[in-house]
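Each remark here refers to the structure printed beneath this line.
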Amino acid sequence: MKIKSYLEKEGITVADLQRLTGIPMATLWRIVNEKQKSLRPSVALAISKATKGEVGLLDLLFPGETFDLQVRSKDDA
């Protein structure tokens, strides 16, 4: 899910998300408004955790991309 959609769905503001993540307001604004060219993995992880995974790491790190993922447990290796 896109971060902007998440904020609208939950009825929270960028300032609310800033308080949850500790990410600078200017950085969050650029991410929400799709002005940020790339994200550090630590920033993407903080946002994903704050949104309880509704905004996924892949949504943040690779916006606009579609992936076909296969998930397996460590025991399957």
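The values are calculated or read from the model by the stated rules, or taken from the named source; none is laboratory data. Source: prediction; values computed, not measured. Cβ sites come from the backbone with ideal geometry, for glycine too, and all protein chains shown count toward neighbours. Accessible surface is based on the protein model in full, side chains and every heavy atom, while ligands, DNA and RNA are left aside. Shrake-Rupley method; radii C 1.70, N 1.55, O 1.52, S 1.80 Å.
Numbers below:
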read-out	value
Mean residue ellipticity (222 nm) of the chain, computed from DSSP H runs ≥ 4 via -39,500 (n - 2.57), nearest 500	-13500 deg cm²/dmol
Charge dipole magnitude, Cβ of K and R +1, D and E -1 - the chain, Cα centre, debye nearest 20	320
Accessible area in square angstrom per residue, the chain, 1.4 angstrom probe	75
Of Ser38, Ile23, Val55, farthest towards positive along the dipole that unit charges on Lys, Arg, Asp, Glu beta carbons give region 17-69	Ile23
Charge sum, other residues only, whose C-beta stays under 15 Å from Lys49's C-beta, Lys/Arg counted +1 and Asp/Glu -1	-1
Answer label, with Cα Rg over 2.2 N^0.38 Å calculated from the coordinates and candidates (1) 1.06; (2) 1.00; (3) 1.17	(3)
